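Asks: Would you mind keeping the following structure in view while I ask a few things?
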Amino acid sequence: MKKGIAFFDFDGTITTKDTLLEFIKFCKGNLHFYLGFLLYSPHLVAMKLKLISNQAVKEKVLHFFFNGTPVLRFNEQCELFTHQILPKLIRKKALDEIQDLQSKEFHIVIVSASPENWIRHWTNKMNIELMASKLEEKDGKITGKILGKNCHGDEKVRRIKEKHTIEDYKEIYAYGDTSGDLPMLKLATQPFYKPFR
């Protein structure tokens, strides 16, 4: 039996803020950011009332801000964001926990609803596995749509089980901070809800 595996949500668990929102601000500036969210505020309210899916709202926002952006330029912005902004958003307690688990030979997996594009650089540097939402690309450009399903809620569990036989692990840790992480937390022998606040 393998020793241990740990699944971490990213936004709000490892980071202090939602990285999608911070990435939009980084790329588009505060004025464009707030105008966009003012425009889509009815959709955000509908999502909170569960009248429209998390994925549908996210795609509307992504389409508004990034539809037609060349993939190369988008990924360059993602890398800049990873180097310039992301380090300021990482919670020290979360980073300490990850490094402690790595020293105990746990396999670490980030499971995030945010697009993989700006998380990937950080997880590669940390030698951590990443499961995240993927953005659709068409003719070398970002469309604003998510490829397949948003990595949120039950989709987190589906992806975990698709890649890992969790029964092979003696210890299963999971860390999250929202209702969208609860299905993942139920997989764990040691679940942690909002552990680094």
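The values are calculated or read from the model by the stated rules, or taken from the named source; none is laboratory data. Keep in mind that this is a model prediction, so the values were computed, not measured. Reconstructed Cβ throughout: ideal geometry from the backbone, glycine too, with neighbour counts over all protein chains shown.
Yes or no, residue by residue, for (1) in contact (Cβ under 8 Å) with a residue 60 or more places away in the chain; (2) under 17 Å from the mean Cα position of the chain (by Cα):
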{"residue": "Val57", "(1), (2)": "no, yes"}
{"residue": "Val71", "(1), (2)": "yes, no"}
{"residue": "Glu76", "(1), (2)": "no, no"}
{"residue": "Pro87", "(1), (2)": "no, yes"}
{"residue": "Ile90", "(1), (2)": "yes, yes"}
{"residue": "Glu105", "(1), (2)": "yes, no"}
{"residue": "Ser112", "(1), (2)": "yes, yes"}
{"residue": "Pro115", "(1), (2)": "yes, yes"}
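Asks: Follow-up question, since we're still on this one. Inside the range 152-189, can you point out the residues that are over 11 Å from Ile5 (Cα atoms), assigned to a helix (DSSP H, G or I) and of a type outside the set (A, V, I, L, M)?
Replies: Asp154, Glu155, Lys156, Arg158, Arg159, Lys161, Glu162, Lys163, Ser179, Gly180, Asp181, Pro183
Asks: Quick check on Gly4: is it among the small types (Gly, Ala, Ser) and either at positive phi or assigned to a loop (DSSP other than H, G, I, E, B) (or both)?
Replies: Spelling it out, it is not the case that Gly4 is among the small types (Gly, Ala, Ser) and either at positive phi or assigned to a loop (DSSP other than H, G, I, E, B) (or both).
Asks: Another question, then. Taking into account only those residues within the range 140-151 that are at negative phi and not in a loop (DSSP other than H, G, I, E, B), which is surrounded by the fewest Cβ atoms within 10 Å (Cβ to Cβ)?
Replies: Filtering first and then ranking leaves Leu147.
Asks: Return yes or no: is Leu135 touching a Lys or Arg at 6+ places or on another chain (Cβ under 8 Å), on the phi < 0 side of the Ramachandran plot and free of Cβ contacts under 8 Å to residues at least 24 places away in the same chain? Step through it out loud before you land on a result.
Replies: On the way: touching a Lys or Arg at 6+ places or on another chain (Cβ under 8 Å): yes; on the phi < 0 side of the Ramachandran plot: yes; free of Cβ contacts under 8 Å to residues at least 24 places away in the same chain: no.
The answer is no for Leu135.
Asks: Which of the residues spanning the range 139-162 are more than 25 Å from Lys17 (Cα to Cα) and in contact (Cβ under 8 Å) with a residue 40 or more places away in the chain?
Replies: Gly140, Lys141
Each row is one residue, and each column tells you yes or no for (1) modelled with pLDDT under 90; (2) crowded, with 18+ Cβ neighbours inside 10 Å; (3) touching a Pro at 6+ places or on another chain (Cβ under 6 Å).
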position: Lys3; (1), (2), (3): yes, no, no
position: Phe26; (1), (2), (3): no, yes, no
position: Tyr34; (1), (2), (3): yes, no, no
position: Leu39; (1), (2), (3): yes, no, no
position: Gly68; (1), (2), (3): no, no, no
position: Thr82; (1), (2), (3): no, yes, no
position: Lys93; (1), (2), (3): no, no, no
position: Gln102; (1), (2), (3): no, no, no
position: Glu105; (1), (2), (3): no, no, no
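Asks: Yes or no: the range 62-70 includes at least one residue that is assigned to a helix (DSSP H, G or I), aliphatic (A, V, I, L, M) and closer than 24 Å to Lys3 by Cβ.
Replies: Looking for residues that are assigned to a helix (DSSP H, G or I), aliphatic (A, V, I, L, M) and closer than 24 Å to Lys3 by Cβ, one finds none in the range 62-70, hence no.
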